[in-house]
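One structure below.
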């Protein structure tokens, strides 16, 4: 009989067997008759036990490179993934955690005590590994101990925020300098990894996806908020509404059921931002954009004379990488905007009229218009004039003059509606515009 046969099993082997046997002992036991207090206690205990079990597995993984050598595997994670039919990526993530815990004994001790979860451990390790190397081992250990102490009362997300300020606690003399370095590094990485993709879905929509630096995204959000309607209740917090999944007021661009006083029109925040983004693009000043081919970046809307005068027709918009189809109604509305030049074509495609910027209301005229109208002049609408667009009462393309007598302030919603062939409108003696849906 060999010594190997007589040798008792390693304590960790015995522990693993006991865990399996204990679990097998309750495999058929249903918790339905447990008291509420028992369920609460068990859930907390199991969470702690899960952290302890992960730490034990990590401890064994970190010491098991001989297993990989024995089986000719690249590393123990590859061997384990093949042996237990696990996802290799998950196995390698577990091996990385094991090696990290080997370098961070304080975190490992917290997991063994059941007071640090796996998610918390990853946050603490990331925080400590990101500390500046000149801190010295004493301060690094102090930071690790402080973060492990925080884990008892803070979730992983809160821990990450606390970790961003840990230097102010353990090394306040270098905190400000390090914050500056960290911000510069984060901004550099954000610029390097920034991406924006546009994919035409083929049904009149384009999917936009990407990752932007936070400073750019915040600026965009600020601009988009400027295009949303003033809130009915100024005491409401838009950030709080967004975080709890609430709704935002309809944007002026929104083509919904109206924006009259006291209206309950509301759209989800993500749709409000989409509408506001469209309004933002329509109001960009092309003179401030880079030149393309020696000319300022300009959007050309092409349509024939018959299309211009027909309620239901198609037009084309030339911008960027070619010409795309839009409705004539949309073309007529866009012709009011400062960044759009209408191109009216004859029967054989010859240019009958190329819109000039002199047809557009000047800045002084728009300012005077806002002073005169005070608000959107659609009947009952309370959108302030500062949020409106100038509209030619008699279309410029039909000989209407670009002067205040032929102008009216309309919010983007009603600007859409006045060009909508589904509606007629007439001007009231008060100067307001009343809309009627065609029957």
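Each reported figure results from applying straightforward, stated rules to the coordinates on display, with no laboratory input. Just so you know, these numbers come straight off a predicted model, no measurement behind them. Glycine also receives a Cβ, built like all others from the backbone with ideal geometry; neighbour counts cover every protein chain displayed.
Across region 31-165, the fraction of Cα-Cα pairs farther apart than 17 Å, rounded to a whole number, is 64%.
Spacing of the modelled spin labels on residue 426 and residue 32, each 7 Å from Cα toward Cβ, amounts to 7.2 nm.
For the ranges 34-40, 430-436, 88-94, what's the packing order if you count other beta-carbon atoms within 10 Å of each residue, average per peptide, and put the highest first? Please list the in-between numbers first.
Values: 34-40: 9.9, 430-436: 13.4, 88-94: 15.0.
Going from most to least packed, we get 88-94, 430-436, 34-40.
On full extension, the segment bounded by residue 83 and residue 405 gains 107.7 nm, given 0.36 nm per residue less the C-alpha separation. Separation of region 146-216 from region 25-71 is 32 Å, based on Cα centroids.
At R0 = 25 Å, how high is the FRET efficiency between residue 223 and residue 197 if r is their beta carbon distance? Nearest 0.05 is fine. It comes out at approximately 0.75. What is the spin-label model distance, in nm, from residue 182 to residue 278 if the labels are put 7 Å beyond Cα along the C-beta direction? Simple spin-label model gives 4.2 nm for this pair.
When peptides 189-197, 79-87 are ranked by their average number of other Cβ atoms within 10 Å per residue, the highest-first order is 79-87, 189-197.
Report note on the peptides 152-162, 413-423, 136-146: ranked by the mean count of other C-beta atoms within 10 Å, highest first, their order is 413-423, 136-146, 152-162.
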